[in-house]
1. Pick from 147, 164, 183, 122: which is surrounded by fewer than 19 Cβ atoms within 10 Å (Cβ to Cβ) and within 24 Å of residue 235 (Cβ to Cβ)?
2. Looking only at residues in region 65-91 that are touching a strand residue (DSSP E or B) at 6+ places or on another chain (Cβ under 7 Å) and not in a strand (DSSP E or B), which one is modelled with the lowest pLDDT?
3. Any idea how many residues of region 97-141 are in contact (Cβ under 8 Å) with a residue 24 or more places away in the chain and in a loop (DSSP other than H, G, I, E, B)?
4. All but one of (1) modelled with pLDDT of 85 or more; (2) farther than 30 Å from residue 243 by Cα; (3) surrounded by fewer than 20 Cβ atoms within 10 Å (Cβ to Cβ) hold for residue 37; which doesn't?
5. Just to be sure, is residue 301 part of a loop (DSSP other than H, G, I, E, B), closer than 19 Å to residue 77 by Cα, at pLDDT below 95 and touching a helix residue (DSSP H, G or I) at 6+ places or on another chain (Cβ under 8 Å)?
6. Quick check on this structure: which one of 106, 90 is farther than 22 Å from residue 172 by Cα and in contact with a helix residue (DSSP H, G or I) (Cβ under 6 Å, 6 or more places away or on another chain)?
7. Residues of region 241-254 being closer than 10 Å to residue 212 by Cα and assigned to a loop (DSSP other than H, G, I, E, B), which ones?
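The values are calculated or read from the model by the stated rules, or taken from the named source; none is laboratory data. Bear in mind the structure is a predicted one, so any value in this text is a computation, not a measurement. Cβ: placed from backbone, ideal geometry, glycine included. Neighbour counts: every protein chain shown.
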């Protein structure tokens, strides 16, 4: 107990830096400090074959917001968080379901925003560098030279096309800054969602976002989305979540506004944001709400390390 208190006192400056970003981040740090010395459990599944044969559209969930998207021969990874900790302090509640050493290639790596749990430098170091790294407007100055073939900083609605894969940055509703204080001058830069198009398939990745009907209806009107990958935590239990984090009910509304065919929830079960540490609470609520609206067959609920061929 004495050692734990000494460690907490030594790490208080880091906690204050995180708390400048958000109260929920400070809760993550405090919970992690209380878990110093605990073993991180293995995931329920492990992705042993990242590239699936005969898959037109497939998804593999490594945990949190890290999704491996396969569209035919192309591999896209979102917000790679593959290390056991963030900044040597914030601990996962379950290990990542993907060993990046198994990836023969990654065509596109997408970073939705510059928060530590989505823009993990240590995780990016572990990935193949043969493809494109896409980051939101304002994130270039936070992006070290990892050795990627190409780095693109995208403004809202800006599109790039590389080897037939179209990546469009689309607006979402979140907040900016990496160290707390820097959010004061970044304004609305530093966070984004993405629409991925390759051949006949279109995938939306929301990163972190709160619910904004006008925003998502506009995206839904511009694209015919097959799969929407949407966060379901840590939104508040009331209503549709907080301004910057949709909860399960908010994610379902985003899905409907996008007019997508399928919904894959993510951003739950890896880090916890309050006194409750039930890893299935968010997904249970989503499934219950989807059943009440006759949408159960359109929900792709994966466990960490699980893969699914959709088409």
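1. Sole residue among the options that is surrounded by fewer than 19 Cβ atoms within 10 Å (Cβ to Cβ) and within 24 Å of residue 235 (Cβ to Cβ): 183.
2. Step by step, filter region 65-91, then rank; the result is 84.
3. 23
4. (1)
5. So residue 301 fails the test.
6. 90
7. Of everything in region 241-254, those that are closer than 10 Å to residue 212 by Cα and assigned to a loop (DSSP other than H, G, I, E, B) turn out to be 243, 244.
For (1) within 20 Å of residue 174 (Cα to Cα); (2) crowded, with 24+ Cβ neighbours inside 10 Å, each residue gets a yes or a no:
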{"site": "232", "(1), (2)": "yes, yes"}
{"site": "237", "(1), (2)": "yes, no"}
{"site": "240", "(1), (2)": "yes, no"}
{"site": "249", "(1), (2)": "yes, no"}
{"site": "252", "(1), (2)": "yes, yes"}
{"site": "255", "(1), (2)": "yes, yes"}
{"site": "280", "(1), (2)": "no, no"}
{"site": "283", "(1), (2)": "no, no"}
{"site": "289", "(1), (2)": "no, no"}
